Amino acid sequence: MQYPSYRTMKSAEKPKIIKVTGEGIISIRPDQAEITLGVSTEDANLSKALEINANKIGAIIQTLYNLGMKENEIQTSHYSISPQYDYIDGKQTFRNYRVEHLLHLTVKDIQKVGMIVDGAVTSGANEISAIQFSSSQYHHYYEQALSKAVINAIQKANTIAQTIKVQLSQPPKSITELPLPINGPIPFQSHVLMKSESATSIQPGTMDISSQVEVVFNYF
């Protein structure tokens, strides 16, 4: 009769591991904003629609320069010319042309966001697709969140080990950074800008930068 060797028995044993997930979150105040705004014009005469649109975009850009924005902080993000139709009794009837020109703005001084929006509206902007707040130091804060995530995972593993009365082997067997959805920007959504006698007040609030890790420990 043959008996399994000690080595065979050992290799058949399941590894004694504790696997935990740790999360770290850093709450900060955004220090910059990305704004997309521009002009939509409609006219049955295409040349007139193009001219009106171009004049308004030119006025908006000049206003942005006057407010301290630089050329590399302003760029076209969308430009389109499209015919518009009405459908009456199942028939397609040409109405006019629609010209849309949107600008993407990178605002480094977050205190100027409301002023820039107001200035653009006064100069002719009638569309805004998004305002997103973010941090210029995102990667710095993400590293802090990553460190907190590792500490959190170790604390969880220690709690589990103490509860089931085992000892963790040090250092951890593995530490894996887990992917997270991009959570840098905070969106502020709107669609149509209207002129107002009062200044626009836009508050960015705070944003959370988070990280997750998976940590595996052997125990005995």
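The values are calculated or read from the model by the stated rules, or taken from the named source; none is laboratory data. This is a predicted model, so every value here is computed, not measured. So basically every Cβ, Gly included, is an ideal-geometry build from the backbone, and we count neighbours across all protein chains shown.
In the set (1) over 20 Å from Asn53 (Cβ atoms); (2) assigned to a helix (DSSP H, G or I), Phe133 fails one condition alone, (2).
Every listed requirement among (1) in contact with a His (Cβ under 9 Å, 6 or more places away or on another chain); (2) surrounded by 15 or more Cβ atoms within 10 Å (Cβ to Cβ); (3) of a type in the set (Ser, Thr, Tyr) is met by Tyr138 save one, (1). The sole residue among Thr106, Thr122 that is out of contact with any strand residue (DSSP E or B) (no Cβ under 9 Å at 6 or more places or on another chain), among the hydroxyl-bearing types (Ser, Thr, Tyr) and surrounded by 13 or more Cβ atoms within 10 Å (Cβ to Cβ) is Thr122. The residue of the range 203-217 that is modelled with the highest pLDDT, among those that are among the β-branched types (Val, Ile, Thr) and surrounded by fewer than 18 Cβ atoms within 10 Å (Cβ to Cβ), is Val216.
For Gln84, the criteria (1) touching a residue at least 12 places away in the same chain (Cβ under 8 Å); (2) closer than 30 Å to Tyr219 by Cα hold in every case but one, which is (2). Looking at the range 17-24, can you tell me whether even one residue there is surrounded by fewer than 11 Cβ atoms within 10 Å (Cβ to Cβ) and modelled with pLDDT of 95 or more? Looking for residues that are surrounded by fewer than 11 Cβ atoms within 10 Å (Cβ to Cβ) and modelled with pLDDT of 95 or more, one finds none in the range 17-24, hence no. For the range 131-163, the candidate set comprises residues that are at pLDDT 95 or above and among the β-branched types (Val, Ile, Thr); within that set, the residue that is farthest from Gly38 (Cα to Cα) is Thr163. In this entry, Val166 passes the filter for residues that are part of a loop (DSSP other than H, G, I, E, B), at pLDDT 95 or above and β-branched (Val, Ile, Thr). Which ones in the range 57-111 are of a type in the set (A, V, I, L, M), at pLDDT below 95 and over 25 Å from Gly205 (Cβ atoms)? Scanning the range 57-111 gives a single hit, Ile88.
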